[in-house]
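First the structure, in the form of structure tokens, and then the observations on it.
The values are calculated or read from the model by the stated rules, or taken from the named source; none is laboratory data. Note that this is a predicted model, so its numbers are computed, not measured. Don't worry about glycine lacking a Cβ; one is built from the backbone with ideal geometry, like all the others, and counts go over all protein chains shown. Only protein heavy atoms, including side chains, enter the accessible area calculation; ligands, DNA and RNA are left aside. Shrake-Rupley method; radii C 1.70, N 1.55, O 1.52, S 1.80 Å.
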Amino acid sequence: MTDTDPFFVPDERVEKMRMDNVPDSVIQHEVFYESSICGISDRPLYIGGFFQKKRFFLMLILSAFAFAILFGRAFWMQIIDSKSYQALAENNRLRHTPIWPERGIIRDREGRVLADNVSRFQATVLPRDLPTQNEDREAVLGEAGRLLGLSIHDLDDIISATSTPSDEETIVAPHVAYDDAMAFAVALPHLPGFALQVGAERRYPMSSSVESLSHVLGYVGKLTQEEYDAQKKNGYRRNNQIGKTGLERSHETDLRGIPGERVAEVDAKGNVKSIVGNTPAQDGKDLHLSLDLDLQQTAEIALRDEMKSANVTRGAVVALDPRDGSVLAAVSLPAFDDNQFSGGVSSTVYQTLLTNPDQPLFPRAWAGTYPSGSTVKIVISAAALAEKVITADTTVNSTGGIKVGPWFFPDWKAGGHGITNVRKAIAWSINTFYYTIGGGYESFVGLGVDRLTDWMRRFGLGTKTGVDLPSEGSGFVPSKDWKQKTKGTAWFVGDTYNLSIGQGDLLVTPLQVANYTASIANGGIKLTPHLVLSEGNDPPIQYASNTIPGLSPSDVKTVQLGMRDAVTYGSARGLSTLPFSSAGKTGTAQWSSTKKTHAWFTSFAPFEKPEIVVTALLEEGGEGSSVSVPVAKKVLQKWWDLKNARNGKF
């Protein structure tokens, strides 16, 4: 071996390195001598190095630990949790798209369409399919916005403001004109995440001309965040619409239907490669109503006319069938056009409706509560007869009012009405008679507050009627305990007198008044008012009814005769010119010391075999006999004309 060998180390250098005391911890030198089979006794000297044993074993342990973690994780993913990862991979490969059903159609009793659906083009975006790079994302949003008349900021705001999950579609343009839709469709291959769909918009074809239908039908709108949180477990998506008011809300489940689903195989860019599954949607059920469009329109026009004459702006009319409780008309004024809410109402229109002091969005026919005025006297008459406080022949002398201590409770007619029995008291709405039978006077023992309120509740006051509409009012029946707790004073006989003529703290809805009038008309049966007769092809819906306990047919007949007398010679003589028999009760409800009284009238016809009840209210309208009777008369006449035009059927 020569000096040119790079691994040759002379002996003197080895010795010198040892003499320099190089630490053994850095490197150790070993000199190897090897005997040659050729007889050479000495071999060149070589040098080699290695790490310390402790460090080597430490690295070995760490490596083993790392491999154990990797192996364990792989085992967990491949064996233990393989199904969930397989599902994730499958979800990336398969796209589940809901198929939305058509919302059910609403028709009146004659089959006329009151609510249906119209098609529209709408542009949507699936956030998960948008480009992830900012530059590419802005390019796509910019091009889509240009075609849809929106800016990039508009699209960004819409996508983020709805709180829509990234795997759910967001509607970015609910109404796209045909020409714009075609241009958008051509550009779609270059707009990942975007789609053009044919959506459905709710339409109310008769509400523009008969605005009072809007309270009954209601409208649909996009889910609020609160509604979405509550309904997502029922399959609602963030961009779905839901019934907000009226029948659209109370029958939401039936009208909505059941969504279907399309399962498609997609590539990494979200492009559909094939359809692997399809579950059809089940369209919502149609609603067949008892409401009659012609009668509804007549009631609205009649109420508008009398409101204008009386210079008032608020009122309600309810017409129902006393045989089964089906609602024939339900008018609340002022009203609105629910078509304004289709596809989203503008903030300007909505604020105008909300801030209107006459509350056009408020369904006062079943949600408004008012003092009943004298209409409740038919209930009190029936109660006094049933409790044997009076008979049909019991008389009270009306001299203009009664005096109790320093308080005077007047009749509406100065000097009074003379000798009065229950029929005359109903016909002329004589207060003295009801003061006496309600609260008693001198030696005459009346019903008293407990029996009065008990009978009011038997007729359904103080509780909801159960009509198939949302936001129904309960009304209110006062009591001794309530007054003590809320007002801190005892119940006095004067409170009973006020209650006996429908004043004081008693509150009722127009629908409740119509319903207790129906109970008198049908012989003493309390009904459940309703609008929906049937859903889709299902059998007719059966609604609850029950006989009012303690009420005899003869007692009811006496009250009916008193209401008939009101038409033939009493305070409701305006109905006497109708071509058929009718009966009614007027009411004037004082509610303010500075404003006019509410004007009430409730009636039924034909007298011999009642088929319709009509109740009218004009807020601050004055006397019921002068402004509310004409409204009911027009509605009753229209009902009669329609019945004859339909061969005696209504």
Test: residue in the stretch 188-204 that is assigned to a helix (DSSP H, G or I) and touching a residue at least 24 places away in the same chain (Cβ under 8 Å): yes
Test set (1) more than 30 Å from Ser290 (Cα to Cα); (2) open to solvent by 60 Å² or more (accessible area, probe 1.4 Å) - Ser479 fails condition number: (2)
Only one of Ala185, Ala123 that is in a helix (DSSP H, G or I), open to solvent by less than 60 Å² (accessible area, probe 1.4 Å) and touching a Leu at 6+ places or on another chain (Cβ under 7 Å): Ala185
Any chance Gly624 is open to solvent by less than 20 Å² (accessible area, probe 1.4 Å) and in contact with a helix residue (DSSP H, G or I) (Cβ under 9 Å, 6 or more places away or on another chain): yes
Residues of the stretch 494-510 classified as touching a strand residue (DSSP E or B) at 6+ places or on another chain (Cβ under 6 Å) and open to solvent by 10 Å² or more (accessible area, probe 1.4 Å), total: 2
Flag for Ile419 being touching a helix residue (DSSP H, G or I) at 6+ places or on another chain (Cβ under 8 Å) and either over 30 Å from Ile525 (Cβ atoms) or open to solvent by less than 60 Å² (accessible area, probe 1.4 Å) (or both): no
Number of the condition not met by Gln296 [criteria: (1) buried (at least 21 other Cβ atoms within 10 Å of the Cβ); (2) touching a Lys or Arg at 6+ places or on another chain (Cβ under 7 Å)]: (2)
Hits in the stretch 380-400 (condition: of a type outside the set (A, V, I, L, M, F, W, C) and farther than 15 Å from Tyr435 by Cβ): Glu387, Lys388, Thr391, Asp393
Test: residue in the stretch 471-486 that is out of contact with any helix residue (DSSP H, G or I) (no Cβ under 7 Å at 6 or more places or on another chain) and under 28 Å from Val216 (Cβ atoms): yes
Options Val345, Val317: the member that is modelled with pLDDT of 95 or more and either more than 24 Å from Asn515 (Cα to Cα) or not basic (Lys, Arg) (or both): Val317
Qualifying position, being in contact with a Lys or Arg (Cβ under 6 Å, 6 or more places away or on another chain), open to solvent by less than 30 Å² (accessible area, probe 1.4 Å), under 22 Å from Ile106 (Cβ atoms) and not aromatic (Phe, Trp, Tyr), among Ala335, Ala316: Ala316
The stretch 344-379 - residue that is touching a helix residue (DSSP H, G or I) at 6+ places or on another chain (Cβ under 6 Å) and farther than 30 Å from Ala200 by Cβ and, of those, surrounded by the fewest Cβ atoms within 10 Å (Cβ to Cβ): Val379
Check on Gly502, at pLDDT 95 or above, touching a Pro at 6+ places or on another chain (Cβ under 8 Å), under 22 Å from Glu623 (Cα atoms) and assigned to a loop (DSSP other than H, G, I, E, B): yes
So Trp407, is it among the hydrophobic types (A, V, I, L, M, F, W, C), touching a helix residue (DSSP H, G or I) at 6+ places or on another chain (Cβ under 7 Å), surrounded by fewer than 15 Cβ atoms within 10 Å (Cβ to Cβ) and over 24 Å from Lys634 (Cβ atoms): yes
Subset of the stretch 511-526 that is under 14 Å from Arg457 (Cα atoms) and surrounded by fewer than 24 Cβ atoms within 10 Å (Cβ to Cβ) - its residue that is nearest to the chain's Cα centre (by Cα): Lys526
Residue count for the stretch 245-283, restricted to those that are β-branched (Val, Ile, Thr) and open to solvent by less than 40 Å² (accessible area, probe 1.4 Å): 2
Those residues of the stretch 455-465 which are out of contact with any Leu (no Cβ under 7 Å at 6 or more places or on another chain), of a type outside the set (Lys, Arg) and surrounded by 16 or more Cβ atoms within 10 Å (Cβ to Cβ), in sequence order: Trp455, Met456, Phe459, Gly460, Leu461, Gly462
Residue under evaluation Ser582, criteria (1) more than 22 Å from Leu291 (Cβ to Cβ); (2) buried (at least 21 other Cβ atoms within 10 Å of the Cβ), criterion not met: (1)
From the options Phe607, Phe601, residue that is of a type in the set (Phe, Trp, Tyr), surrounded by 15 or more Cβ atoms within 10 Å (Cβ to Cβ), modelled with pLDDT of 95 or more and more than 27 Å from Pro363 (Cα to Cα): Phe607
Selected residue (only one of Val220, Val186, Val210, Val216 is among the β-branched types (Val, Ile, Thr), at pLDDT 90 or above and over 22 Å from His251 (Cα atoms)): Val186
Subset of the stretch 575-609 that is without any contact (Cβ under 8 Å) to a residue 60 or more places away in the chain and more than 38 Å from the chain's Cα centre (by Cα) - its residue that is farthest from Phe409 (Cα to Cα): Glu608
Test set (1) β-branched (Val, Ile, Thr); (2) in a loop (DSSP other than H, G, I, E, B); (3) touching a residue at least 40 places away in the same chain (Cβ under 8 Å) - Thr489 fails condition number: (3)
Top-ranked residue of the stretch 203-214 - restricted to ones that are open to solvent by less than 10 Å² (accessible area, probe 1.4 Å) and in contact with a Phe, Trp or Tyr (Cβ under 8 Å, 6 or more places away or on another chain), ranked as nearest to Val113 (Cα to Cα): Tyr204
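Residue by residue, here is whether (1) loosely packed, with under 14 Cβ neighbours inside 10 Å; (2) over 30 Å from Val113 (Cβ atoms) holds:
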position: Asn537; (1), (2): yes, no
position: Ser554; (1), (2): yes, yes
position: Leu561; (1), (2): no, yes
position: Gly570; (1), (2): no, yes
position: Ala589; (1), (2): no, yes
position: Thr594; (1), (2): yes, yes
position: Glu619; (1), (2): no, yes
position: Gln637; (1), (2): no, no
position: Phe650; (1), (2): no, no
The stretch 255-269 residues that are closer than 18 Å to Gln241 by Cα and at pLDDT 85 or above, paired with ones that are part of a loop (DSSP other than H, G, I, E, B) and among the aromatic types (Phe, Trp, Tyr) (beta carbon under 7 Å, 6 or more apart): Pro259/Trp100
Of the criteria (1) open to solvent by 40 Å² or more (accessible area, probe 1.4 Å); (2) farther than 28 Å from Pro334 by Cα, which one Lys633 fails: (2)
